[in-house]
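Take a look at the following structure, please.
The values are calculated or read from the model by the stated rules, or taken from the named source; none is laboratory data. Just so you know, these numbers come straight off a predicted model, no measurement behind them. We place every Cβ from the backbone using ideal geometry, glycine too, and count neighbours over all the protein chains shown. Accessible surface is based on the protein model in full, side chains and every heavy atom, while ligands, DNA and RNA are left aside. Shrake-Rupley method; radii C 1.70, N 1.55, O 1.52, S 1.80 Å.
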Amino acid sequence: MKTVIYEKENHIAYIYLNRSESMNAINEKMNNEFEKVWDDFEQDDSLYAAIVTGKGKAFCAGLDLKTELPRWKNASANDIRSKINKGLGGGVTRGRHRLSKPVIAAVNGAAVAGGFELALACDIRIASQEAVFGVFEMKHGIHQGDGGIVRLLSIAGLGVTMDLTLTGRKINADEALRLNLVSEVVTHDMLMGTAEKYASMIIGNDRGAVSSAKETILDSIGQRLDDALKLEMFNAYSCFSKHKNGGEDD
């Protein structure tokens with residue numbers, strides 16, 4: 001059985017984590033299958049956006065500790081360096097995080113530890129009322145290593161990052177919404193339909209502008225204000241040159 005199910009319809013890529021018996025925990029096989037999915041998603045011009053969700057009751061419980069943690073207990077510095085550009089979910093947390101097309105997380109259940117990091121690595125997050133989030137790494141003697149601290153800090157700020165990371169406490173979907181970690185909370189049966197609604201809004205926009213905007217947002221993180229403003233202006237006005245009418249008819 002494939003650990004990642006990949007389907008395409010109406011310009012949307014549907015990506016399902018498919019290890020429901022393990023709460024969709026990520027093992028090496030899933031990581032490798034995710035890599036192939038992202039390669040195809042990026043190269044397929046018929047696809048404009050992706051929706052990532054989990055099969056079964058969980059979104060993702062993070063790294064499969066039973067199979068993956070033992071590999072790291074005796075890892076050397078060189079072993080660690082070799083993985084720097086290969087994060088979770090086929091690298092979408094680190095290494096493949098610069099996908100040019102938007103990725104939406106439809107969080108259907110538990111998104112904890114590396115699963116929380118996977119959700120944070122997506123561009124937009126929609127949560128079912130049944131979703132829960134948490135930095136559960138702390139309970140196993142480690143902390144986030146796949147963007148969980150960096151993205152949490154950028155999205156929700158210092159106070160929230162300190163709180164959720166140091167306590168390792170679980171939060172529900174409503175608190176996640178209050179902390180700006182998700183865009184919307186919906187009933188479970190409305191989750192995929194709502195994610196598709198967001199994807200359709202993206203599809204209705206100019207593809208070049210969407211790609212440029214996503215690139216600009218990511219490149220603006222950590223920039224000085226003046227530098228960020230110059231970057232935004234250059235990228236925005238460069239979009240005009242890609243249209244035959246130079247934007248005059250807009």
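Residues of segment 137-177 being aliphatic (A, V, I, L, M), in a helix (DSSP H, G or I) and open to solvent by 50 Å² or more (accessible area, probe 1.4 Å), which ones? I'd like the intermediate steps shown before the answer.
To start, the set of residues in segment 137-177 that are aliphatic (A, V, I, L, M) comprises 138, 142, 149-150, 152-153, 155-156, 158, 160, 162, 164, 166, 171, 173, 176-177.
With in a helix (DSSP H, G or I) added as a condition, the list becomes 138, 149-150, 152-153, 155-156, 158, 160, 162, 164, 166, 173, 176-177.
Selection gives Met138, Ile149, Val150, Leu153, Ile155, Leu158, Met162, Leu166, Leu177.
Quick one: is Val103 touching a Phe, Trp or Tyr at 6+ places or on another chain (Cβ under 9 Å), at pLDDT below 95, surrounded by 15 or more Cβ atoms within 10 Å (Cβ to Cβ) and of a type in the set (Val, Ile, Thr)? Outline the logic, then answer.
Numbers: touching a Phe, Trp or Tyr at 6+ places or on another chain (Cβ under 9 Å): yes; at pLDDT below 95: no; surrounded by 15 or more Cβ atoms within 10 Å (Cβ to Cβ): yes; of a type in the set (Val, Ile, Thr): yes.
No; evaluated as a whole, the condition is false for this residue.
Please specify each residue of segment 140-166 satisfying the condition of being in contact with a helix residue (DSSP H, G or I) (Cβ under 8 Å, 6 or more places away or on another chain) and of a type in the set (S, T, N, Q).
Gln144, Thr161, Thr165
Being at pLDDT below 85, part of a loop (DSSP other than H, G, I, E, B) and open to solvent by less than 70 Å² (accessible area, probe 1.4 Å) is the filter here, so list the residues in segment 45-85 that pass it. Before the answer, list the steps.
At the first step, the residues of segment 45-85 found to be at pLDDT below 85 are 65-85.
Restricting the remaining residues to those that are part of a loop (DSSP other than H, G, I, E, B) gives 74-76, 83-85.
Within segment 45-85, Ala75, Ser76, Lys83 qualify.
Would you mention how many residues in segment 121-135 are within 20 Å of Tyr48 (Cα to Cα), touching a Lys or Arg at 6+ places or on another chain (Cβ under 8 Å) and open to solvent by less than 10 Å² (accessible area, probe 1.4 Å)? Break it down into steps so the answer makes sense when it comes.
The initial filter retains those residues of segment 121-135 that are within 20 Å of Tyr48 (Cα to Cα), namely 121-126.
From what's left, touching a Lys or Arg at 6+ places or on another chain (Cβ under 8 Å): 121, 123.
Next, from what is left, pick out any that are open to solvent by less than 10 Å² (accessible area, probe 1.4 Å): none.
Looking only at that region, the number is 0.
Then there's this: Could you figure out which of (1) touching a Pro at 6+ places or on another chain (Cβ under 9 Å); (2) under 26 Å from Leu65 (Cβ atoms); (3) of a type in the set (D, E, K, R) isn't true of Asp163?
Unmet for Asp163, out of (1) touching a Pro at 6+ places or on another chain (Cβ under 9 Å); (2) under 26 Å from Leu65 (Cβ atoms); (3) of a type in the set (D, E, K, R): (1).
Go through Gly134, Gly147 for me and flag whichever is modelled with pLDDT of 95 or more, within 16 Å of Leu63 (Cα to Cα) and within 19 Å of the chain's Cα centre (by Cα). Working first, answer last.
Working: Gly147 fails: modelled with pLDDT of 95 or more.
One residue alone meets the criteria, Gly134.
Name every residue in segment 26-44 that is at pLDDT below 95 and assigned to a loop (DSSP other than H, G, I, E, B), in order of residue number.
Asn27 - this is the single residue of segment 26-44 that is at pLDDT below 95 and assigned to a loop (DSSP other than H, G, I, E, B).
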